[in-house]
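Since the structure comes first, as structure tokens, the remarks are kept for the end.
No lab work stands behind these numbers, since they all come straight from the coordinates. All of these numbers come straight from a predicted model, not from anything done at the bench. Neighbour counts are summed over all protein chains in view; Cβ atoms, including those assigned to glycine, are modelled from backbone coordinates with ideal geometry.
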Amino acid sequence: MGSTVLTLNGCVGALSTVDPAGPAARTIATLWWVMLTGAIMIFALVVILVAASFRKRKGAIADRFWVLILGIAFPVTVLLALLGYGLFVGERLLQRQGADVVRVAAEGRQWDWQFSYDDLPGQTTAGVLHIPAGQPVDVAITSADVVHSFWVPRLAGKMDAIPGRVNVLRIEADTPGTFRGLSSEFSGRGYDNFTFDVVAHDAADWTLFLQGETE
Amino acid sequence: MTDVLRILIAPLVWLAAFSAVYGVHGVICGQGIETMPRALLVGAFILTIGLQVAVLAALYAPRFASPSPFVRFVSQATGWVGLVAAVWTLFPTTVTTYCM
Amino acid sequence: MNALQRHRKLDLVWASQPGFRGWFSSVNHTDLGRLFLVTAFFFFLIGGLLAMLIRTQLATPGSAFAGPEIYNQIFTMHGTIMMFLFAIPTFEGLAIYLLPKILGTRDLAFPRLTAYGYWCYVFGGAMLLASMVLGIAPDGGWFMYPPLTSSIYSPGINTDFWLIGITFVEISAIAAAVEITVTILKYRAPGMSLDKMPIFAWYALVTALMILTGFPPLILGSVLLELERAFGLPFFQADLGGDSLLWQHLFWLFGHPEVYIIFLPAAGVISTVLPVMCRTTLLGYGWIVAAAVALAFLSFGLWVHHMFTTGIPHMGLAFFSAASTLVAVPTGVQIFAWIGTMWKGRPELHLPMLHLLGFFVTFVIGGLTGVMVAVVPFDWQAHDTAFITAHLHYVLFGGFVFPMLAGIYYWLPHVTGRKRNFRLGELAFVLIFTGFHVTFLAMHWIGLMGQRRRISTYLPEDGWTTINLISSVGSFVIAIGFAIVILEVILNTASARRGGRNPWGAGTLEWAMSTPAPSYNFASLPHVTGRDPLTDDPKLPHALARGEGYLATPGRWRETLTVDIATGQPDFHVIYPGNTRLPILMAAVTGVFFLSLLLKFYWTVPVAVIGVAVLVWRWVWALGRTEDLPAQDIGHGIALPNAASVDRSPGWWGSLFLLTANATFFGSLLFGFAFLWTVAPGWPPPVWFTPSMAELALGIAGAGVSAVAVRMAIRTIRQGGQPMFAVGLGLVAVLILVAALGLLMLRAPSPDQHAYGATLLVLGGYGLFHACLTALMFAFLAARISRGFTSAARRAEFAIVRLWVDYLAIVGIFILLMAHLTGVTA
């Protein structure tokens, strides 16, 4: 039923941030719908006020009401609430210690990704990242040349790949499947096609993968 | 010119303090400072609030007041901006994770 | 003398040379303001054309219209031209044209500087246009991130065009900012205290101060990146002690204030035009001033929100998320004050009002999506997608283009002196408004569906085709709308009937003169007692023309007066320079300097530098007198001393604000040093600077003695003496500092091997440049004294030199301490 609603709304897509397949993306998608609703209501308020100013007979409203109530008190309330919500979500998405966290690494360069695995030393895969489904995965992201960015929209937000630095992003896929990823920092001529895939395996397949199967 | 400075001083103090606290945060995480990092950051937050309160008090004090009621009004308004900004923009020192 | 005779005599003194030639020697703000606005609009059209090319390429998937190589140049130049060659110069042009008129004075503070700024803009802009025509335009995106833009990954000259060309254009912005600041503070009609200033002047003042402090970080970044590209100084290379994030910090330290620099003048236009459209006065004037100041300062604390995905820890991000949400409050205060103004008055749907309504709808949407991306987790999804492209166009088009269109229709009768007669204006508005939303509204959605910024094409499977096609159609509708606007402006300028003086019934002083504006603005200057002088006294224009104001007697010179900053009491008499080709000549020589750097003709660089120095010498020399001027009668029983006889002359204020920009540049350099040291990988450096207590002591002594010497000189000249000895002493002291800084540069350890040495080299070079400049100033003072241009009543230049000496002493000592102490502690 949920996916029907999504399809009808045109939300479904391999790169859609509003068709989440993991906890981080889902939290952010909810955040988006809440903000959109609030934004529409505030926009409507402003449009109504502007339109109403054209009427011939309006009540006399004190200067202080416009400035102190509408201009200060109202935005302060809304913004503080939003900020609190946003910081709370941000804290929740951090890559905190956990027993079942799987660690992988991603090195970007013009114009492909090399992925390596803590649990599979010495092996790398190009263009495809293998992860277990249902478990948090920390991706240690860096770059071999210019600034890139690791982004799998259906699973989580993005994290830049910066030469000389390693940035860690936590991603998790709810269920097994293949998820499209993009490098999302402009990197020159080959940027258009600079994409990759994330394959989330169920427990059995993941074990097989760790035993040396690299496709 | 003093009148112009009265109007600008509180937000200027906020900007300097905000940048300094962000800098302290950068040094703490960049240099891996392990001694009381949270206390340092919250201390800087409280110090900033103290500074802004002092500036605001000075703007209200008759001794430093401008002869112009307009300048008094605007500078007191920006004085409050400085204080509110200090509280609002630096309260994350108390509740967010600092080096992750 | 009747009004016509007065007009003729004034025009004789103030008019620019007729025809074409007049453009090259004009220092008149009305001429230059119009030139700025027309040139800026020309660049807007080019930027718009580039936008059409972008939309043509993106209309269909897999389009072969423009491959990545060309497309990358197209979108980079679209952003670069719109931000640097259209938006800022439009503000400059409007401020230059309007400020002296609304402030009730004759011209800006430094007329030749206005002209210099304009020609630097034209020559720098021409450089960038040339790069496009030759197919070697910058292609790294308008924010040009290294390492992509380093010489390894962008080996061509494209990137250098951006770094050098934009820095050239920025001279124009800094010059205008210095001038606007000094003009608003000092050049007003008598009686115009701070609380009676027109609201546009407050916004322009705040914007100018923001330019002075917001542009230097970018200038520094551009200098550092160009040094890296040309000489291998590794500021942004992680393996050699640099860090690509340093560029991002420096760029966005500029980049975020930049967008408020763009919005605030437009807000000034709204605050001016909206009340007139509603036949009332602005609600909450004082609140709006406070809100504008708050917005300006807060905007300097937002920059990391462009870097939310760079791996900065959550607390750091939280500071900027908090500030980015807070900034919506002063914005909201202004918006609701404007709506309150509409409620207070009786809004009428004239053409400017339509565009203001377009602003309300569009900017509020942009502000709301801005608050969304201020929330960090959401930005982690939206960053670098079409959502951001949509957001930025909503705030920039809504917050700048619509208000400026309102301003064009509002002030066009003033500029042309013709009746407004816009039959097609409503149609143009509907096309632009509808076209805009059709182009950009759904773009938010495809961003959320995964379409990134800056891609030249996409696949049919992506599912973005329909929205992209609709967006492209919308962009053509916008273009048609603008074509109609241009057509109407040209027709109106060329053929409409001559109109009345104040068609809108406004209260501000620009409508108290005949239109088009005479070369001298007002035949005599008004005494101001309220915020709407024309409403208070509708007969004011006639009174002024009849010579009932100040400075009513035309003389041999272009004269005006300055006022006390706070109270508006007249304080000094000022004599302006007349028409001269010195500004355009100096802009051309400055252009030779930048062109030599670009083309790597390093042997012409010192020639150009000397050329500029010689011209600057002539420039300042031209303002001298060999005899004291008595106090000048300005009318109404008041006589004012000439500005050259005081310590706080206009030139002093100009230097003060230029030094503010300079100090921000130096502060950014210090920030860069601290950032690399504490945060960049690859530290500590392999070799530290070898300290020398002798050099350090010598340098500090030189700095200290020069500061003492200039004070000695000031004391001597005040007492009527000729301070040759003190000036000579100062010159020698500065030359000692030159030696200490030169030695620092020579001994900086391997600048091309580690960012530490590179930074010391740049610090030393910065100090050295200022020391040489100050030495030149001492030499200038010596020449002035020996030729009889100085006396107790002609001493303004000494106070100005003192500012520069003090600045040099502080930074010189700072630089030497930093270099030698880091060597000691390490």
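By other beta-carbon atoms within 10 Å, ranking C:Glu695, C:Glu228 with the fewest at the front produces C:Glu695, C:Glu228. Roughly speaking, what is the centre-to-centre gap between the stretch C:750-826 and the stretch C:545-587 when only Cα atoms are used, to the nearest Å? Cα centroid of the stretch C:750-826 versus Cα centroid of the stretch C:545-587: 32 Å apart. Distance from the C-alpha centroid of the stretch A:114-191 to that of the stretch C:61-101: 34 Å, rounded to the whole angstrom. Using a cutoff of 8 angstrom between alpha carbon atoms and counting only pairs six or more residues apart, the relative contact order for chain C works out to 17 percent. Local charge for C:Glu797 was computed over the other residues whose Cβ lies under 12 Å away, with Lys and Arg +1 and Asp and Glu -1, and equals +4. For the stretch C:3-495, a crude dipole built from +1 on the beta carbon of Lys and Arg and -1 on the beta carbon of Asp and Glu, taken about the Cα centre, is about 2080 debye to the nearest 20. Within 10 Å of each Cβ in B:6-15, how many Cβ atoms from other chains are there, averaged over the peptide? The shielding value for this peptide is 4. Remark: mean inter-chain Cβ contacts per residue of A:175-186 equal 4, using a 10 Å Cβ-Cβ cutoff to other protein chain atoms.
Taking chymotrypsin sites (Phe, Trp or Tyr not before Pro) across the stretch A:45-98, none is in a DSSP loop with at most 12 further Cβ atoms lying within 10 angstrom of its Cβ.
When only alpha carbons of chain A are considered, Rg and Dmax amount to 22.6, 79 Å. Taken as entire DSSP H runs, the helices of chain C that both span 30 Å or more between Cα atoms along their own long axis and average 1.0 or more on the Kyte-Doolittle scale are C:29-58, C:158-186, C:199-231, C:244-277, C:351-374, C:425-448, C:465-495, C:650-679, C:693-718, C:724-747, C:755-786, C:796-825. Taking label positions 7 Å along the Cα-Cβ direction at both C:Val473 and C:Leu670, the computed distance is 5.8 nm, reported to one decimal.
Annotation for the stretch C:518-558: trypsin sites (Lys or Arg not before Pro) lying in DSSP loop with at most 12 further Cβ atoms inside 10 Å of their Cβ are C:Lys539, C:Arg556. Out of all DSSP beta bridges in the protein assembly as shown, what portion is antiparallel? Express it as a percent rounded to 5. Roughly 75 percent of the DSSP beta bridges within the protein assembly as shown come out antiparallel. Exposure proxy for C:Thr434, C:Thr716, C:Thr114, B:Thr93: other Cβ atoms within 10 Å of each Cβ, ordered fewest to most, give C:Thr434, C:Thr716, B:Thr93, C:Thr114. In this structure, the amide hydrogen of C:Asp564, modeled 1.01 Å from its nitrogen in the peptide plane, lies closer than 5 angstrom to those of C:Gln569, C:Asp571, counting only residues at least 5 positions away or on a different chain. Under the criterion of Cα pairs below 8 Å and six or more residues apart, the relative contact order for the stretch C:3-495 equals 15 percent.
Close amide-amide hydrogen proximity is noted between A:Ala105 and A:Ser116, A:Tyr117, A:Asp118, A:Ala140, each under 5 Å apart and 5 or more residues distant or on a separate chain (H modeled in the peptide plane; Pro and chain starts excluded).
In a simple Cβ point-charge model (Lys, Arg +1; Asp, Glu -1; nothing else charged), the protein assembly as shown has a dipole of about 4880 debye relative to its Cα centre. The lysines within cross-link reach of A:Lys58, meaning a Cα-to-Cα straight distance under 24 Å and a gap of 8 or more places when in the same chain, are C:Lys344. Here the stretch A:146-182 is scanned for amide nitrogen atoms under 15 Å from the site 7 Å beyond the Cα of A:Leu208 along Cα-to-Cβ, giving A:176-178. Projecting the Cα positions of C:Ile785, C:Val710, C:Leu763 onto the charge dipole of chain C (unit charges on Cβ atoms of Lys, Arg, Asp and Glu, taken about the Cα centre) puts C:Ile785 furthest along the positive direction. Under 26 Å of direct C-alpha separation, and excluding same-chain neighbours fewer than eight residues apart, C:Lys101 reaches these lysines: C:Lys9, C:Lys186, C:Lys196, C:Lys419, C:Lys539. Exposed loop sites were defined as chymotrypsin sites (Phe, Trp or Tyr not before Pro) in DSSP loop states (anything but H, G, I, E or B) carrying at most 15 other C-beta atoms within 10 Å; in chain C the longest segment without such a site runs C:66-556.
Separation of the stretch C:305-329 from the stretch C:1-20 is 56 Å, based on Cα centroids. Taking the longest Cα principal axis of chain A as reference, the axis of helix A:23-52 is set at about 20 degrees. Sorting A:Thr17, C:Thr56 from the fewest to the most surrounding beta carbons within 10 angstrom yields C:Thr56, A:Thr17. Any idea what angle helix B:69-90 forms with the longest principal axis of chain B, computed on alpha-carbon atoms, 0 to 90 degrees, nearest 10? Once rounded, the angle reads 10 degrees. Given a 10 angstrom Cα cut-off, can you work out which residue in A:Leu93, A:Leu31, A:Leu182 is the most mobile in a GNM of chain A? In this elastic network of chain A, the residue with the biggest mean-square fluctuation among A:Leu93, A:Leu31, A:Leu182 is A:Leu31. Other residues lying with their Cβ under 13 Å from the Cβ of C:Ile455 contribute a combined charge of 0, Lys and Arg counting +1, Asp and Glu -1. Magnitude of the charge dipole for the stretch C:684-825, about its Cα centre and with charges confined to Cβ atoms of Lys, Arg (+1) and Asp, Glu (-1), is about 700 debye. For the stretch C:423-463, the list of trypsin sites (Lys or Arg not before Pro) that fall in a loop by DSSP and count at most 15 other C-beta atoms within 10 angstrom reads C:Arg423. Across chain A, the longest run free of exposed loop sites, meaning trypsin sites (Lys or Arg not before Pro) lying outside DSSP classes H, G, I, E and B with no more than 10 other Cβ atoms within 10 Å, spans A:58-215.
Taking every residue in B:73-85 and counting other chain Cβ atoms within 10 Å of its Cβ, the average works out to 5.
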